[in-house]
Amino acid sequence: MIVPYLILLFGVVFMGLLGIAALCWAAKNGQFTNLNQSSRVIFDHDEPIGKPTDSFPEPRSRNAMQTFARASASAKAV
Amino acid sequence: MNVVKEVENIVTASTSPADIDRIERAEIDRSTRFPVLLFFGSAIFWLIVGSVLALLAAFKMNFPSFLDSMGWLTFGRVRPAHLNAVAYGWASPAGIGAGIWLMARLCRTPLLHRRILVAAAIFWNVGVLFGILAILAGYSTSIEWLEFPGTVSVLLFIAFGLIGVWVLIMFRNRKPGHVYVSQWYLLAAFLCFPWLYASANMLLLWQPTQGSAQGAINWWYGHNALGLWFTPIGLACAYYMIPKVIGRPIHSYYLSILGFWSLVLFYSWNGMHHLIGGPFPAWLVSASVVASVMMFIPVLTVAINHHMTMRGHFSALRWSPTLRFTVFGAMTYTLASAQGSLMAIPAYNRLTHFTDVTIGHAHLGLYGFYTMVIFGAMYYIVPRLTGWEWPSASLIRWHFWLTAIGIALMFIALTIGGTLQGFALEDPGVNFMASVNYAAPFRLVRGFSGIMLTVGHVIFAVNFAMILLKMGERRGEPTLFAPARTSNTEAAAV
């Protein structure tokens, strides 16, 4: 009966330490530096910032999307 | 496969940086195809089953004799069968599917060890099938959130464990670079939950503790299933989809990191606020109430971030199905979490705890936030796996409006009905039956909103089956290979 409790106690301590270790690793690894650059990792040359990547599957709304893209581009230019 | 051919054509044609990125992304997406669609497909099946069970349970509240002649359709079995079908049958596998795809994309690595995931999906679905049948046959453990018998939960634990191992393998093999905030959320979810699930099962089913300690463990598990499993997966999707769809980085990446770490720190303490007034040490409950109120920090970071990222881009909701569902979910997350923090305050808790307000809150969180975000993610992911666009835009619109209005109606009805019920229960001069009667008409409205949701799910399932079978007209090229669809620069050039 005592064995499961020991396993659980070990689990609680282990998960807590794992969390702290992850935080320390992230800090050491430079994950918290240069945050503005980091937020851009989900974009690439093919899907750069400024390019919408989803639309309703029909010509009408695709046009709507283009209008939107054009509008935001011209807003930027202004 | 024409996808392969297309990739080859692109390779031979030119190799600009954009082409290289596109080919790499296509290869990663394609590698996740089978396991992700397997998880998504089975999730949608269980969503329909769970919705039907929910309708039965909902209408039994108003018409108790409805279908009561068969033991397996009585309220005491149908209601836990609903909870487990949607939590373990729908929400978890749907989130795992989205998590697999996100993990592969964010690690920038094609999926490794596909067999682990396929085995996990099989264990998972066999487990859920036997679990639901066991509950309907009367073998429920009667522990909320863990109604599956102990033998069945072993199957689910194996599946959880396999997926956890897979996530670690993928993370180790990631391409060097920054670990995006969505990845942090996914790592937390996929590594915490197997441990959480095993611990709770061990203490409640395999080697049960005695007395009121069971209640504490029950709600430690029950709330962490929401806080450290569903919530991080939902937020991981939202943090990827919103910036990606509108093509704009997260407003404040600093806040997103702060939000993640504060969520990990505070959320795991929240469970004991379910036990306010129960036979538990006061410090246990107080600490939990404090942590519940502290949840305002991670919630506000997410709310500010998502709102500020969307600012000036709200018109995008018109043209993107993914964004519609995701933003609806993200807004509901703020609402549900703020309400949750308030409900943990003892004075408020006393009024609402044993009323329909709690049911409304649970649905706002797990449906209004999580399920809607997952729907949004599915609308983005599936065309990229099948190489085929969603066959019908109007089905997507019906799906959105039925589910969005349905869940809003359900929440409002249950909150008003539950509050009236709570005041009636508080008043010693009012008899118990009166409190039931106050809530009754609102429960009827809830049943109606349930029909709306169910119809929405059937519509979604039809659209999903159609995209798998590649029905409908071929709309130019699939989303993934759409020839550089009007980026800003091109539009400006035009």
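The values are calculated or read from the model by the stated rules, or taken from the named source; none is laboratory data. Small disclaimer: the values here were computed from a predicted structure and weren't measured. Virtual Cβ from ideal backbone geometry, glycine too; neighbours counted across all protein chains shown.
Here's the yes/no breakdown for (1) touching a residue at least 40 places away in the same chain (Cβ under 8 Å); (2) assigned to a helix (DSSP H, G or I); (3) away from every other protein chain (no Cβ under 11 Å):
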site: B:Trp195; (1), (2), (3): no, yes, no
site: B:Asn218; (1), (2), (3): yes, yes, yes
site: B:Trp229; (1), (2), (3): yes, yes, yes
site: B:Pro232; (1), (2), (3): yes, yes, yes
site: B:Leu235; (1), (2), (3): yes, yes, yes
site: B:Ala238; (1), (2), (3): yes, yes, yes
site: B:Met241; (1), (2), (3): yes, yes, no
site: B:Arg248; (1), (2), (3): yes, no, no
site: B:Phe280; (1), (2), (3): yes, no, yes
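Taken over region B:197-214, the criterion of being surrounded by 20 or more Cβ atoms within 10 Å (Cβ to Cβ) and either touching a His at 6+ places or on another chain (Cβ under 7 Å) or more than 9 Å from chain A (Cβ to nearest Cβ) (or both) is satisfied by B:Tyr197, B:Ala200, B:Asn201, B:Leu204.
Considering only region B:300-343, state which residues are in contact with a His (Cβ under 6 Å, 6 or more places away or on another chain) and touching a residue at least 40 places away in the same chain (Cβ under 8 Å). Selection gives B:Asn305, B:Met308, B:Thr309, B:Ala330.
Which count do you get for residues in region B:154-193 that are out of contact with any Ser or Thr (no Cβ under 7 Å at 6 or more places or on another chain) and not in a helix (DSSP H, G or I)? Even if it seems obvious, please write down each step before you answer.
At the first step, the residues of region B:154-193 found to be out of contact with any Ser or Thr (no Cβ under 7 Å at 6 or more places or on another chain) are B:154-169, B:171-172, B:176-177, B:179-180, B:182-193.
Next, from what is left, pick out any that are not in a helix (DSSP H, G or I): B:176-177, B:179-180.
Qualifying residue count for the region: 4.
Just so you know, in region B:381-398 the residues that are farther than 14 Å from B:Ile100 by Cβ and in a helix (DSSP H, G or I) include one that is nearest to the other protein chains (Cβ to nearest Cβ), and it is B:Ala393.
State which residue is surrounded by the fewest Cβ atoms within 10 Å (Cβ to Cβ) when the search covers only region B:133-177 and only residues that are aromatic (Phe, Trp, Tyr) and more than 20 Å from the chain's Cα centre (by Cα). Once the filter is applied, the top-ranked residue is B:Tyr139. Could you please find all residues in region B:349-405 being β-branched (Val, Ile, Thr) and either free of Cβ contacts under 8 Å to residues at least 24 places away in the same chain or within 24 Å of B:Ala54 (Cα to Cα) (or both)? Matches in region B:349-405: B:Thr352, B:Thr355, B:Val357, B:Thr358, B:Ile359, B:Thr371, B:Val373, B:Ile374, B:Ile396, B:Thr403, B:Ile405.
With respect to the stated conditions, B:Trp401 fails to be buried (at least 20 other Cβ atoms within 10 Å of the Cβ) and within 14 Å of another protein chain (Cβ to nearest Cβ). Among the conditions (1) within 16 Å of B:Met452 (Cβ to Cβ); (2) within 17 Å of the chain's Cα centre (by Cα), the only one that B:Tyr379 does not satisfy is (1).
May I ask you to list the residues in region B:315-359 that are within 14 Å of another protein chain (Cβ to nearest Cβ), within 20 Å of B:Ala236 (Cβ to Cβ) and of a type in the set (Gly, Ala, Ser)?
B:Ser320
Within region B:448-494, the residues that satisfy the criterion of being at pLDDT below 70 and hydroxyl-bearing (Ser, Thr, Tyr) are B:Thr479, B:Thr486, B:Ser487, B:Thr489. Look at region B:198-216 and say how many of its residues are among the polar types (S, T, N, Q) and assigned to a helix (DSSP H, G or I). Total satisfying the criteria: 3. Restricting attention to region A:19-70, the residues being outside any loop (DSSP other than H, G, I, E, B), farther than 17 Å from B:His178 by Cα and either at pLDDT 85 or above or within 7 Å of chain B (Cβ to nearest Cβ) (or both) number 10.
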